[in-house]
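> Take a look at this one; I'll ask things after.
The values are calculated or read from the model by the stated rules, or taken from the named source; none is laboratory data. None of the values given here were measured: they were computed from a predicted structure. Methodologically, a virtual Cβ is constructed for each residue, glycine included, from the backbone with ideal geometry; neighbour enumeration extends over all protein chains shown. All accessible areas refer to the heavy atoms of the entire protein, side chains included, with ligands and DNA or RNA removed. Shrake-Rupley method; radii C 1.70, N 1.55, O 1.52, S 1.80 Å.
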Amino acid sequence: MATVESGGVVCRCREMGSCFPGEARFQGKQIIKKNLSSFSTIPFFRNGFVDRRRLTARNNRIIRMEAREKSRSKIVNSSRRNKVPVFMMLPVDVFETGPSGKMRIPRFKAIRASLNALKVAGVHGVAVEVWWGVVERFSPLSYDWFLYEHLFKLVSDCGLKLHAALSFHSNMRSTFRGKEGVSLPQWILEIGAHNRDIYYQDQKGMSNDDYLTLGVDNFPLFSGRTALECYGDFILSFVNKFDHLIGDLIEEISIGLGPSGELRYPAHPFEDGRWRFPGIGEFQCYDKYMMDDLKMAACRVGKPQWGERGPQNAGGYNSSLSAAPFFKEGDENFLSDYGHFFLEWYSGRLIHHADAILEKAAQLLKKYKKNNLPSVILVAKLGGIYWWYNTVSHPAELTAGYYNTESRDGYDPVTSMLSRHGAALHIPCLEMADSETPASCFCSPERLLKQIVGTSEQNVIHLTGRNTNERFDKDGFWQIHYNCCRPLAAVVKSFTFFRMNDKIFRLENWNNFLPFIRMMSTDH
């Protein structure tokens, strides 16, 4: 299952090779334009594409008047679809550590050639991770925006728009040269070397330094600041630095809320080998700060024994449903009083974490309004946990922090929280079909997507989307287009393709990509 690192929980970045295409370097604009003019969108509509997707709704226009009055957003469904701008996420290796230990942008000319090719193809913009570990790398409150000033200028010069993904996680990956990528700030790692409890931990005490545990959100462990204050100060510095670009060049700003920037726990750690698809994952609540919080929550409900530990019958990272009694019928299972208490606490802490960060971001972005409408979209990313979805308990979602079962909508409290801040939800799995997933794993990306879209409509929030698997085939592009533009569903405001690498510029893939961009750029 070849997936992209920010589209789900699996990361295979090291398989991509170099992320700057040779084709884009030697192809000039004239050649690219010639290629563009030779392609037709007709192949995308063969084999009854329109009929197969049942795009038959006409004159369907639904406006939720009561929701419109209580929300800043509007969701309008129409037989004539809006265009869906496509952003391309920049390569995973756009930054590297130089000899001096500072981060740098290698292959700058190759990036420029690639961006020019994307612009000619009709791509709307690029998505760029704005790494905490790059900007505030060496000491607290010392922000160095030099690399991003140059990168953003390049994007602007190429005529593209920008999605800035403020990233408070790390992106370390294994390559043949060893560990590479962007870590958390060095001064954070120094604190973590003496206090491993600042990171999430599993029931065996194993941790990773991908993201700070939400248990430290309100503890001044970071040179006198809490984790929430660190995130807020970073967002403030970004807004002050790029104030002149927000709402013009910068059209979307997503706020990192967990591993891979997604609102979830690191329940499925792929990179270090602990987890493999389709394991149910493990609860991540065993650092001392979260355990202290669990104990207090248990005392508040008069059950102090419930605060001693997480579920002890929930299996391990690679367990199947049959090997984890907590997710089946029986004593102290997910339906028991204890199970309900724990899952409410576990998922509630995650939502509270996002609520606190997005409140700060929303306040800072209030001033960027034109005609009383936001000129920049605030975005929160959701993980796409689609395996074991067709079961009663949805175990993989529960370990990730989504209290979603067959009898409970776990995404409603998430979208309700986003609605309060006027934030959009960035959803995954837009290229996936149930028929392409293993039936033995009870997968259903389509049902998951339908549920998330439904609860987003109810809470009147906008959607943006992405792919989970790296795909360049026509079927994958068809599925993306259908999910973005289908009738009787909220129109997706934008789509982000994960991610730019040499594969997309290969002739066959490029020939599939061009008509896809044309379709997304046309009213439907």
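> Please work out the average accessible area per residue across the range 322-403, using the 1.4 Å probe convention, and give it in Å².
Values: 3210 Å² over 82 residues.
Value for the range 322-403: 39 Å² per residue.
> Still on this model: Apply the a/c threshold of 1.5 to the C-alpha gyration tensor of the range 338-408 and tell me whether it is rounded, prolate or oblate. Mind dumping the intermediate values first?
Details: a/c = 3.74, a/b = 2.23, b/c = 1.68.
The shape class here is prolate.
> Label-point separation (nm) for residue 223 and residue 458, each offset 7 Å from Cα along Cα-to-Cβ?
About 4.5 nm, to one decimal.
> Pop a pseudo-label 7 angstrom from the Cα along the beta-carbon direction at both residue 355 and residue 473 and give the gap in nm to one decimal.
For the pair residue 355/residue 473, the computed spacing is 4.4 nm.
> Turning to a different aspect of this structure: Using packing as a proxy for protection, rank 503-509, 212-218 so that the peptide with the highest average count of other Cβ atoms within 10 Å comes first.
Packing order, densest peptide first, comes out as 212-218, 503-509.
> What is the distance, in nm, between label points placed 7 Å from the Cα along the Cα-to-Cβ direction at residue 305 and at residue 187?
4.7
> Among the lysines, select those whose C-alpha is under 23 Å from the C-alpha of residue 474, and discard any that sit fewer than 8 residues away in the same chain.
By straight Cα distance, residue 474 reaches 33, 34, 83, 119, 450, 493, 503.
> Here's something else I'd like to know. In whole percent, how big is the carbon plus sulfur part of the accessible area of the range 430-524, probe 1.4 Å, protein atoms only? Please list the in-between numbers first.
Details: 1510 of 3000 Å².
C and S fraction of accessible area: 50 percent.
> Something else now. Gap in Å between the Cα centre of the range 141-208 and the Cα centre of the range 352-406?
Cα centres, the range 352-406 to the range 141-208: 20 Å.
> Also, quick follow-up: What is the range 76-212 by shape, rounded, prolate or oblate, if you read a ≥ b ≥ c off the alpha carbon gyration tensor as root eigenvalues and call it rounded for a/c under 1.5, prolate for a/b larger than b/c, and oblate otherwise?
On the way: a/c = 2.31, a/b = 1.58, b/c = 1.46.
Because a/c hits 1.5 or more and a/b exceeds b/c, the range 76-212 counts as prolate.
> Here's something else I'd like to know. Which whole-Hz couplings ³J(HN,Hα) result when phi for each residue of the range 172-187 is put into the Karplus expression 6.51 cos²θ - 1.76 cosθ + 1.60, θ = phi - 60°, listed in order with x for Gly and Pro?
Running phi through 6.51 cos²θ - 1.76 cosθ + 1.60 with θ = phi - 60° gives 7, 9, 8, 10, 5, 8, x, 7, 9, x, 10, 8, 5, x, 4, 6 Hz.
> Then there's this: Highest mean first, how do 88-101, 440-453 rank when packing is the count of other Cβ atoms within 10 Å averaged over residues? Please list the in-between numbers first.
Numbers: 88-101: 17.4, 440-453: 19.1.
Highest mean packing first, the order is 440-453, 88-101.
> Which percent of the accessible heavy-atom area of the range 298-388 goes to carbon and sulfur, probe 1.4 angstrom?
49
> Right, another one. Between residue 195 and residue 141, how high is the FRET efficiency from 1/(1 + (r/R0)^6) when r is the Cβ-Cβ distance and R₀ = 30 Å? Nearest 0.05.
Once the sixth-power term is evaluated, E becomes 0.90.
> Further question: Would you rank 300, 309, 518, 173 by solvent-accessible area, highest first, keeping every protein chain in place and using a 1.4 Å probe?
My answer, sorted largest first, is 300, 309, 518, 173.
> Sticking with this one: Can you give me the convex hull volume of the Cα atoms of the range 437-524, divided per residue and expressed in Å³? Walk me through the numbers on the way to the answer.
Details: hull volume 9.7 nm³, N = 88.
So the per-residue Cα hull volume is 110 Å³.
> To the nearest 20 debye, what charge dipole does the range 149-223 have about its Cα centre, counting +1 at the Cβ of each Lys and Arg and -1 at the Cβ of each Asp and Glu?
Working: 7 positive and 9 negative charges, 51 e Å.
Computed about the Cα centre, the dipole is about 240 debye.
> Moving on. Once the piece of chain linking residue 409 and residue 240 is laid out straight, how much longer is it, given 0.36 nm per residue of separation minus the C-alpha distance between them?
Net length gain for the segment: 57.0 nm.
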